[in-house]
Amino acid sequence: MSKFTIYSYPGNYRVQKAQIAAAYVGVDIKEPNFNFGKDNESDAFLALNPLGKVPCLETPQGPIFESNAIARYVAGLRADKQLLGANYYESALVSQWLDFSANELENPRGVWIYPSMGIMAFNQTIHDEAVKDMTTCLTVLNTHLEKNSFMVGKQVTLADIAIVSALNELYAKFFAPSYIAKFPNVTRWFTTCCNQPEFMQVLGKVVLNKVENSAAAAPKAAEPQPKSGSSSSAKKEEPTNPEIEAQGNKVRELKLRKAPKEEVQAAIDELVRLKAAAAGAAGAAPADEKKPEAKKEEKPKKEEKPKKEEKPKEEKPKKEEKPKKEARTSEKAEKAPEAEKAPEGKKGKEAKGGKKAEEKPKAEEKPKAEAKTAGADDKAVKACVKEGGKKGQDIAGMATFGVHFFCVTIESAEGKLELLDKVLEGMNAEVDEAAEDRKGGAGDLAKMLFSANEHNLAIICHTPKEVTEKATAADWMKEVLERTHAKIVEQTEFVIKAEVANDPDNNIFTLKLRDEGMSAGFAFLRSRQLMIEDDSDDDVNYAAAAGINLNAAPGADY
């Protein structure tokens, strides 16, 4: 029977450090099922770790918390294995690299990975900053490993174990081949470690990501959206703002010279304030730019009204689209056929003929919009179901970590509610165990999906019966609707669908509201303690730098 028990959620890379060390020293550590969010709040667990955080190791001498302390303890159980170094100097070097991993490497790691898990909202500026920090870390490692086979000495130590554990998921899912090609020494060392029996016993067979446009590049897919949208000017102006650029340089400088945590955080808070002020100032610009465009578009529509010659030409597509009346149940779709009947009734001369003439351009517009949707329907639907299947697997995996509520951005739906519904369908699909690729499997998890383009913001909130005791769709959606000005289109006990159109005249910008909606969604989850707490010693609060106050209650300002 094992003398040691470690408590945590499955797949925690911080636990893997101790488990790999245990494999080297020949110690068995029991890891029982642990329901994070419930078991860690029990009196029994709080007696082991009063902070209620994981991991926590129970030993014959007593409990130990903080992952590096746990890993050091396990590694020191067999001095002959020299996992803590062969001498006093090497022991100090092991500690050096453990601190490097915790304070430098794991900070950007979280920013890179967490948005894909739905734990935090994606922010391009903060993601780019994290990529820079990660590149700096990998450059340091690459230089060191150019003349060293391992991090310390001539064999595997706890330094190798800790850093490999932190990089494992990044190499497997996020690092694109073109990115890691810049760090050949790191990759050589990483694969060497992962092929050791002790590493494989815990990590399994590690396969490097081979997809160039993989999860590593996925967050950047959000970049093309604002290019033609109303918020593009704000994003383009941000890098050229000298005040913001100077403050950003100051934050980087403080981090590089390891300034006190309070000083770094104060600089980040100021950077967030400057960006918010710049975004607010830039938000009004698109409104002025779009006003003349809207007027220009109306003119040709009015000119088309007197063109009676076009009536017979319009009757053909109308007859072809009649079968669509049965498939489309919304009021908008029903009004289109009614408007189409107006030009057909030429014999019945009514007093409202002038009004009918005004309705003709509207009848012309709707079939065109439907035709475009129908043309791209198959590809769009397939893309949405596919993305939904992948996202479903991502959050289903996170459920084992004790998380059951997620805020997720969806690119493929392009702000269309009907396509976002297809994404939800893909996420909730039952997993086909016989299929080569697992998809879906998130039907019992709560999620709020956001999709926006420069024209529309679509939101769907799904809270299955299994989780409604913790929060209902109506509760979760309330603050989000207030923040985004979205209106409910359809509502049931477990699903709420809403959308809002871009309206520069009323200072409504859908791309910006998507981010505000995500922030409100996360704030609600935080207030209900429905998000993971973690034992990270990060010096920099990336969530705050991204404009997300994870400690704020719903309604708080960001």
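Restricting attention to region 422-437, the residues that are under 20 Å from the mean Cα position of the chain (by Cα) and either under 21 Å from Asp515 (Cβ atoms) or surrounded by fewer than 19 Cβ atoms within 10 Å (Cβ to Cβ) (or both) add up to 3. If only residues of region 103-123 that are buried (at least 21 other Cβ atoms within 10 Å of the Cβ) and aliphatic (A, V, I, L, M) are counted, the one that is farthest from Val403 (Cα to Cα) is Leu105.
Residue-by-condition table, conditions (1) in contact with a Phe, Trp or Tyr (Cβ under 6 Å, 6 or more places away or on another chain); (2) closer than 15 Å to Val202 by Cα; (3) free of Cβ contacts under 8 Å to residues at least 12 places away in the same chain:
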site: Gln19; (1), (2), (3): no, yes, no
site: Pro32; (1), (2), (3): no, no, no
site: Leu46; (1), (2), (3): no, no, yes
site: Lys53; (1), (2), (3): no, no, no
site: Pro63; (1), (2), (3): no, no, no
site: Glu66; (1), (2), (3): no, no, no
site: Arg72; (1), (2), (3): no, no, no
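Among what's in region 172-207 and is part of a helix (DSSP H, G or I) and of a type in the set (S, T, N, Q), pick the residue that is surrounded by the fewest Cβ atoms within 10 Å (Cβ to Cβ). Out of the qualifying residues, it is Ser178.
For first residues located in region 377-393 and free of Cβ contacts under 8 Å to residues at least 12 places away in the same chain and in a helix (DSSP H, G or I), partners that are surrounded by 16 or more Cβ atoms within 10 Å (Cβ to Cβ) and not hydroxyl-bearing (Ser, Thr, Tyr) and lie 6+ apart or on another chain with Cβ distances below 8 Å do not occur.
The one condition from (1) surrounded by fewer than 24 Cβ atoms within 10 Å (Cβ to Cβ); (2) among the hydroxyl-bearing types (Ser, Thr, Tyr); (3) closer than 14 Å to Leu417 by Cβ that Thr468 does not meet is (3). For region 470-503, the set of residues classified as touching a residue at least 40 places away in the same chain (Cβ under 8 Å) and touching an Asp or Glu at 6+ places or on another chain (Cβ under 8 Å) consists of Val489, Lys497, Asn502, listed by residue number.
Quick grid of which residues meet (1) of a type in the set (A, V, I, L, M, F, W, C); (2) modelled with pLDDT of 75 or more:
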position: Glu359; (1), (2): no, no
position: Val381; (1), (2): yes, yes
position: Lys390; (1), (2): no, yes
position: Phe401; (1), (2): yes, no
position: Glu430; (1), (2): no, yes
position: Ala435; (1), (2): yes, no
position: Lys439; (1), (2): no, yes
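Just so you know, in region 497-524 the residues that are of a type in the set (D, E, K, R) and assigned to a helix (DSSP H, G or I) include one that is surrounded by the fewest Cβ atoms within 10 Å (Cβ to Cβ), and it is Asp505. In region 484-496, of all residues being touching a strand residue (DSSP E or B) at 6+ places or on another chain (Cβ under 8 Å) and either in a loop (DSSP other than H, G, I, E, B) or buried (at least 19 other Cβ atoms within 10 Å of the Cβ) (or both), the one that is modelled with the highest pLDDT corresponds to Ile496. Scanning region 151-165 for residues that are in a loop (DSSP other than H, G, I, E, B) and either out of contact with any Ser or Thr (no Cβ under 7 Å at 6 or more places or on another chain) or charged (D, E, K, R) (or both), we see that the one that is surrounded by the most Cβ atoms within 10 Å (Cβ to Cβ) is Thr157.
The values are calculated or read from the model by the stated rules, or taken from the named source; none is laboratory data. All values derive from a computational prediction rather than experimental measurement. We place every Cβ from the backbone using ideal geometry, glycine too, and count neighbours over all the protein chains shown.
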